[in-house]
1. Condition check: assigned to a helix (DSSP H, G or I), within 28 Å of R227 (Cβ to Cβ) and open to solvent by 80 Å² or more (accessible area, probe 1.4 Å). Does T21 satisfy that?
2. Pull up region 39-57, narrow it to residues that are in a helix (DSSP H, G or I) and open to solvent by 70 Å² or more (accessible area, probe 1.4 Å), then point me to the one that is farthest from L298 (Cα to Cα).
3. When the residues of region 27-38 are filtered to those that are touching a residue at least 24 places away in the same chain (Cβ under 8 Å) and not small (G, A, S), which remaining residue is farthest from R295 (Cα to Cα)?
4. Can you name the number of the only condition in (1) in contact with a helix residue (DSSP H, G or I) (Cβ under 9 Å, 6 or more places away or on another chain); (2) at pLDDT 95 or above; (3) part of a helix (DSSP H, G or I) that V163 fails?
5. So which of T94, T59 is touching a Ser or Thr at 6+ places or on another chain (Cβ under 8 Å), of a type in the set (V, I, T) and farther than 19 Å from S113 by Cβ?
6. Kindly state which helices (runs of 4 or more DSSP H) lie completely within region 244-356 and contain at least 2 residues that are without any contact (Cβ under 8 Å) to a residue 24 or more places away in the chain and open to solvent by less than 50 Å² (accessible area, probe 1.4 Å).
7. Would you mind telling me which numbered condition in (1) surrounded by fewer than 16 Cβ atoms within 10 Å (Cβ to Cβ); (2) farther than 18 Å from A148 by Cβ T94 fails?
8. I'd like to verify a number: residues in region 25-38 that are assigned to a helix (DSSP H, G or I) and open to solvent by 40 Å² or more (accessible area, probe 1.4 Å), how many?
Amino acid sequence: MPRLCKPSVRVPEYVITAEETLAFAERVHAGKPQLPLALRLIRNTGVLKRHIVQPIEKTLQHPGLTERNRIYEIESKKRCPEVIEQALENAEVTANDIDAIIYVSCTGFLMPSLTAWLINRMGFRSDTRQIPIAQLGCAAGGAAINRAHDFCTAHPGTNVLIVSCELCSLCYQPDEDDIGSLLSDGLFGDAVAAAVVRGSGGTGIELERNAAYLIPNTEDWISYAVRDTGFHFQLDRRVPGTMEPLAPVLREFAASHQWDAGNLDFYIVHAGGPRILNDLAKFLDVDRKVFRHSRATLTEYGNIASAVVLDAALRLFEEDTPMLEARGLIAGFGPGITAEMALGTWNSGDASRIID
């Protein structure tokens, strides 16, 4: 079965702490009636620090969509190769062994996709399939794992590289001061992540089943308004409550595999915020500690969009090695409201390279 190998994750060098975030919000939005509530919500996120690609003084400015997208292109090309090289090494494969690249990002736009640049610059074969995913937001990390699983199942013996490049700070809109915007300003961070799904061999999470689910009539709960100034993130106040309808979906999904979603060995879940994790623990009837990897990502990096599930998975790999055949759930949530779900077991096998 296809196997998700150890991811690689890097965050930018510029750091903004929770205290600095609150101070900037108080200064930039002083006198706004919604500020006290926004500050309280930011404090409750549990985010201690975030990493961003520019100094905070530049981040708070808006040089225009053209300049921001130029920065996105420069920074993505600067930061992705190192992360990819480490992911290939972790999986014990080379660029020549990769048959498809799935590139996910919702914070910048390039055409052709960055996949074309990566193929030309990093030694991937010219017949490598390109699969860009741009509009699933935070759910795209889970979606990328699932599409890699599908590809390797359809084409036995192939290997898929997943790359997530989320530079959320480039979407900051200084004139937006509604509660959702202010909260997101204190929640999202930047990161680049990559992982290989091997069609055979390697050590990691053996992917057994995947599925997707969209909560009906919620497509405007998480969205972008695309304007002259770029992407304006829109967050409905009902979003934190989405785990109540999604938990039964996760239960049914696990049951279809004869597993109990409330009795698994590990959980890799997108950490949109602390309430998401707390509610999911409640509705699945599990201890909150099972989401420690996702919570650690949120605390140390903030919400890094599609990169969350890969960073949480990395933390699982770096913790004490799970028992052989340990069973787990991977889930990403995002616009739609969309859930991308996968079930897998921890396994190790023949690490010999699969070379076409």
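1. Details: assigned to a helix (DSSP H, G or I): yes; within 28 Å of R227 (Cβ to Cβ): yes; open to solvent by 80 Å² or more (accessible area, probe 1.4 Å): no.
Considered against the rule, which asks whether it is assigned to a helix (DSSP H, G or I), within 28 Å of R227 (Cβ to Cβ) and open to solvent by 80 Å² or more (accessible area, probe 1.4 Å), T21 comes out as no.
2. From region 39-57, those in a helix (DSSP H, G or I) are 39-43, 56-57; that's our starting set.
If we keep only those that are open to solvent by 70 Å² or more (accessible area, probe 1.4 Å) as well, we get 40, 43, 57.
Details: R40: 17, R43: 13, E57: 23 Å.
My answer is E57.
3. So in region 27-38, the residues touching a residue at least 24 places away in the same chain (Cβ under 8 Å) come out as 28-29, 32, 34-35, 37-38.
Cutting the leftovers down to not small (G, A, S) gives us 28-29, 32, 34-35, 37.
Details: V28: 29, H29: 28, K32: 31, Q34: 27, L35: 26, L37: 23 Å.
So the residue we want is K32.
4. Of (1) in contact with a helix residue (DSSP H, G or I) (Cβ under 9 Å, 6 or more places away or on another chain); (2) at pLDDT 95 or above; (3) part of a helix (DSSP H, G or I), only one is false for V163: (3).
5. Values: T94 fails: touching a Ser or Thr at 6+ places or on another chain (Cβ under 8 Å).
On inspection, the qualifying residue turns out to be T59.
6. Numbers: elements: 274-284, 292-301, 308-318.
Where helices (runs of 4 or more DSSP H) fall fully within region 244-356 and carry at least 2 residues being without any contact (Cβ under 8 Å) to a residue 24 or more places away in the chain and open to solvent by less than 50 Å² (accessible area, probe 1.4 Å), they are 274-284.
7. Going through (1) surrounded by fewer than 16 Cβ atoms within 10 Å (Cβ to Cβ); (2) farther than 18 Å from A148 by Cβ one by one, T94 breaks only (2).
8. The first filter runs over region 25-38 and keeps only residues assigned to a helix (DSSP H, G or I), leaving 25-28, 35-38.
Those left that are additionally open to solvent by 40 Å² or more (accessible area, probe 1.4 Å): 26-28, 36-37.
Going through region 25-38 one residue at a time, the tally reaches 5.
The values are calculated or read from the model by the stated rules, or taken from the named source; none is laboratory data. Note that this is a predicted model, so its numbers are computed, not measured. Cβ coordinates were reconstructed from backbone atoms using ideal geometry, including for glycine residues, and neighbour counts include every protein chain displayed. All accessible areas refer to the heavy atoms of the entire protein, side chains included, with ligands and DNA or RNA removed. Shrake-Rupley method; radii C 1.70, N 1.55, O 1.52, S 1.80 Å.
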